[in-house]
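Data first, discussion second: the structure below is written as structure tokens.
The values are calculated or read from the model by the stated rules, or taken from the named source; none is laboratory data. Quick caveat: nothing in here was measured; it's all calculated off a predicted structure. Cβ atoms come from the backbone with ideal geometry, glycine included; neighbour counts cover every protein chain shown. Please note that ligands, DNA and RNA were not included when accessible areas were found on the heavy atoms of the full protein model with its side chains. Shrake-Rupley method; radii C 1.70, N 1.55, O 1.52, S 1.80 Å.
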Amino acid sequence: MPESSLDIFPPKVKDICSSSIECRPSPLRQSSQSSLPLHRNYMLSTFCTEKNVQECLSHISQEVSSLGLPPVWMESGGSSEMNVVAVLNCIYDLIQLHRRGLRTLENMEVEQLKSSSNLDYLQLTSTQLKEQLELSKRENTGLLERERQLQLKVKSLQNCLKNEKEEVQKLQNIIASRASQYNHEMKRKEREFNKLRERLNQLLVDKKEKKQAIDVLNNIGRADGKRSLWKTEKTEAKHEGEMYKTLLSDYDIRQRELLLENAELKKVLQQMKKDMVSILSSKKPTLKDDQHQDDDIQADLEEEVFDSSKESVELYCVHAREKLTNSIRLQWRRLKSHVERLDNQASLAQIGRSKNTDAVSRETHEEEMDRLKLEIQQCKDFIQTQHQLLQQLSSPYDEEKASLLSDCYMLQEKERFRDEWKTLEEQRKIFERERRNFTEAAIRLSHERKAFEDDRATWLKHQFLNLSPFADSNKPQMSKSKSAFLISKTEASAASAPEKLIKRPSDTTSPTPRCVPLTSPSTAELYPTLCLVPENRSTKPKRLTEHVEESSNFLNGNVPAQHKHWNDREDHSSHTLTKEKTSSI
Amino acid sequence: MNFSEVFKQSNQLCKVSPDGKYLATCVQYRLVVRDVSTLQILQLYTCLDQISHMDWSSDSLFILCAMYKRGLVQVWSLEQPDWHCKIDEGSIGLVSSRWSPDGRHILNTTEFHLRVTVWSLCTKAVSYIKYPKACQKGIDFSRDGCYMALAERRDCKDYVSVFVCDDWHLLRHFETETQDLAGLEWSPNGCVLAVWDSCLEYKVLLYSLDGRLLSTYSAYEWSLGVKSVTWSPSSQFLAIGSYDEKVRILNHITWKKIAQFEHIATINNTKAVVYKEVEKRPAVGSDDLSLHNITIGTTLFNTQSKYEICPPPVQVPVVKPDPDRANPKIGVSTLAFSSDSRYLATKNDNMASVVWVWDMQKMSLLAVLEQTSAVRCFQWDPRRPRLALCTGNTKLYLWSPAGCVSVQVPTEDQQTWNSCFMTLA
């Protein structure tokens, strides 16, 4: 049935088919519309068959209802009869829908066309506008540039204007100063003129003209002592000559100086040239592409040899001078180019060498650094220790400590010195004592001697008198020595006298023992003492005899032999003295 | 440094004899001659009027005393105190008087520069020189005393006459190319005469002894020109100080400028040493200001001063001169070479308290001495490179390449004392 309905309206069917074909994605879409009917047939035949009518119906109704159209088929009853009206309506609706769709499609296509054309148009306009923008930008920059230049120009013109104004001002100032100077001068001249006029008037009025005069006591001689000469042509010529001589000598001096200077400078130039040539020639092996220069250098050397031989004459010639300066210039240029080349080489080498030699150089560099660091550290330590020591030496102490410490080095020595000093002092005292003793002893001795002499004299007298029959009467007159009378008459004291003397060395009471034998001498006793009859006496006399020689020696041995025996009196004193002597020493 | 006791002198007339043995001072109308070493008064002369000018003759035997008001010149002899000489110019008046180099002639310039009268003390003869020019430096004698150059003005033109001092014979007479000759100076070797124009025109002309023009030098046009000119003792350099605060050095071989020294207000040169005088007054407490202290202590007002070295940049005090006045106080007015020509000392008038010392070997600034007050004058030691300067106070300042020192001079008044420098042997 659907086939037949569809056959009636072929063009619409075509449309419907095309739309149905479009609704359902199918590979048949690409086929042309001319072959549609066949396909349609083919499609329809495949979609709906007699067997699946119900299914098709339900499917179609579903689809239709999904499209929002009233349902085509009512599922009421079980009849499979379609509502033709509904179906036609549906079909019509579908056709309307389709038409609408087509229209919208058309509209949309139109819209799309329109929009695409709009787009094109807009693109076109945008490119145009961009170009315009570019153009205007360029114009703008151009204008800005012009403006800048104009501003610069304005500034420079302003500067010029300022300068001109300043110049004008300066000129005005100059004019003003000149004017004031002129005015000043004018006034001065006018004042002088007035003075002159007054003076002239005064002179005209003044009758008495004071003449010029010189009043000299006597003429004095000329400074150089010579006589003045008359003014003649000769003298004038002489003056001229002298003047020219002065000028000439001045020029001479100047010329000589300039010559010397010139010679020195030339020498310097020569030296420079030689040095430059030597430098350049020594670099010969390193230059590879300077063959032509070698020849020049050779030529120069030859020249040099030539020059040095004729130096003095050649150098004063203009040509030689020029040659010298030219050659120097040439050498200098060569040297400059050489140095530049070297510089380039060095820089290139440095760049090229940097990577290769980096490691090596760095190593050595680091080694060097380490060594230096070590050295620095050592030095620092050294300085530190020195500093510490210095601090110790110069740090401030407490006063006691300071004094102690200042003395500490000398302490031992001081102690030693003190001891020595003590001993020396003691010794000195002892010596003093002894000296005193000696002096006293000497005094005593002299006294005793005197007394002894007196006694001797008296004794001799007495003896002499004793020898005579009337000797006894004079006995008591014997001992006239003071000491003898004064001091003890007991023998006991005499015995103890020496001890006393020893005990009291300062107390020289040596006369005491002396007086002892004096007080009671008997001839018998005296004989042995006089060594006339040597006897076994007590130790004392023996000692006395022993000490006789000593005492005689002591007393300077001027005692005659007969007085020797009397020396025993002094023996005590001498004995004691010697005893003292021995005891002390 | 030892100072003698102060003795009076008037009018800044105090001169040491050329042989260095005597010192002559003028007090009013008296002339006192002392021995330099002992300062004993050797001679005392009395003139007829107040002495305006006093000068020794070159052989130190005679002294001239000029009394300008009276028009008199009296000459005294040192050897014969009884000898007298009086020159009376009469009605013609006297403006300046000077010795000739041989010490036997006196040149008197009459009033209004009418003429120069040459009086001979040997022959009592008189010579006249007409038309001398009244300018900054119109007469100059060459150093060897042989020639005298005199500026003349005739018919509104400048001339220079060269005379032989022996017999006053006119050797040369030539016109100079100046507008208004201001001065002339012989070079120390006596062969070149430098002639310069007035300040309205910068022009320095160099003439040879025989009158030939050797060279002309003009640094610029129009502005005020040359203020001072000096030769170096070796005759190698000619230093020209001008109103534009610059010194230009010409060399004697080409007579072209070899160096230009500028006196700029801000010194940035690191090689130059800038000495600045610093005064310190002794601090006075209020209780010290009793009359007693003031009358006794002149040290109260005596300020100690020493030099400080200022690091660059240094600002130099500048005084702008009055633009309306003539002869403005601007420009290099004083130039002096040291005796060995190694140093040049200059003073710029608008930096009046500053003395600049330039090294002539390096042609650069060597030292700058900034004082507390304006420098009055300075002079070089004739033997050593030592500069002495004074500023009108009681101190003497000395500079040498080794350093700078200020010395107090024991005077009671703080007046200007005469800087008659005779340096010590």
Point to revise | Net charge over other residues, Cβ less than 11 angstrom from the Cβ of residue B:250 (K, R count +1; D, E count -1) | key: +3
**Study point:** the stretch A:87-199 - charge dipole about Cα centre, Lys and Arg +1 at Cβ, Asp and Glu -1, debye rounded to 20
**Key:** 1600 debye
Review point. Mind listing the phi-derived Karplus ³J(HN,Hα) values for the stretch B:176-185, rounded to whole Hz, using 6.51, -1.76 and 1.60 with θ = phi - 60°, and x for any glycine or proline?
Key: 10, 8, 9, 6, 8, 4, 9, x, 9, 8
Review point. Roughly how many Å is it from the Cα centre of the stretch B:98-126 to that of the stretch A:102-162, as a whole number?
Key: 100 Å
Review point. Considering every residue in A:203-213, what mean count of other chain Cβ atoms within 10 Å of its Cβ is obtained?
Key: 3
Study note, to complete from the structure: Looks like chain B, by Cα gyration tensor root eigenvalues a ≥ b ≥ c and the a/c under 1.5 rounded cutoff (else prolate when a/b is bigger than b/c, oblate otherwise), is oblate
Point to revise | Charged-residue dipole, Cβ positions (Lys, Arg, Asp, Glu), chain B about Cα centre, Debye nearest 20 | key: 400 debye
Check your understanding: Tell me, what is the percent relative contact order of chain B, built from C-alpha pairs under 8 Å that lie six or more residues apart?
Key -> 7 percent
Exercise for review: Could you check the simple spin-label distance between residue A:205 and residue A:446, using points 7 Å along Cα→Cβ, in nm with one decimal?
Suggested key: 12.1 nm
Study note, to complete from the structure: Phi-derived 3J(HN,Hα) across the stretch B:60-69 with the Karplus relation (6.51, -1.76, 1.60, θ = phi - 60°), rounded Hz, x for Gly and Pro, is 6, 9, 10, 10, 9, 10, 9, 10, 5, 5
Practice item. Mind giving me the nanometre distance, one decimal, between the label points for residue A:144 and residue A:46, set 7 Å out from Cα along Cα→Cβ? Key: 7.1 nm
Check your understanding: For chain B, what is the accessible area per residue in Å², given a 1.4 Å probe and the full set of protein chains?
Key -> 45 Å²
Review point. Among B:243, B:400, B:92, whose Cα sits farthest toward the positive end of the charge dipole of chain B (+1 at Cβ of Lys/Arg, -1 at Cβ of Asp/Glu, about the Cα centre)?
Key: B:400
Study note, to complete from the structure: Interface buried area B-A, accessible surface with 1.4 Å probe, both sides summed, nearest 100 Å², comes to 4600 Å²
Review point. Mind checking the mean number of beta-carbon atoms from other chains within 10 Å of the Cβ atoms in A:242-252?
Key: 4
Review point. Zone of residue A:260 (label point 7 Å along Cα→Cβ, backbone N under 19 Å): which residues in the stretch B:304-345?
Key: B:340-342
**Study point:** 10 Å Cβ neighbours from other chains, averaged over peptide B:84-94
**Key:** 5
Practice item. For each pair in A:267/B:246; A:207/B:86; B:203/B:320; A:170/B:280; B:257/B:329; A:187/B:347, compute the distance between the two Cα atoms and list the pairs where it is over 31 Å. Key: A:267/B:246; A:170/B:280
Check your understanding: Given labels modelled 7 Å from the Cα in the Cβ direction, how far is it in nm from residue A:135 to residue A:350?
Key -> 5.6 nm
Practice item. With a 10 Å radius around each residue's Cβ, average the other Cβ atoms per peptide and rank B:264-275, B:59-70, A:180-191, highest first. Key: B:59-70, B:264-275, A:180-191
Practice item. Return the loop-located chymotrypsin sites (Phe, Trp or Tyr not before Pro) in the stretch A:229-284 (DSSP other than H, G, I, E, B) with at most 13 other Cβ atoms within 10 Å of their own Cβ; answer none if there are none. Key: A:230
Check your understanding: Which order, highest average first, do B:382-388, A:254-260, B:241-247 follow once you tally other Cβ atoms within 10 Å for each residue and take the mean per peptide?
Key -> B:241-247, B:382-388, A:254-260
Study note, to complete from the structure: Note on the stretch B:4-115: alpha-carbon gyration tensor, axes a ≥ b ≥ c; rule is a/c under 1.5 for rounded, else prolate if a/b larger than b/c, else oblate; result prolate
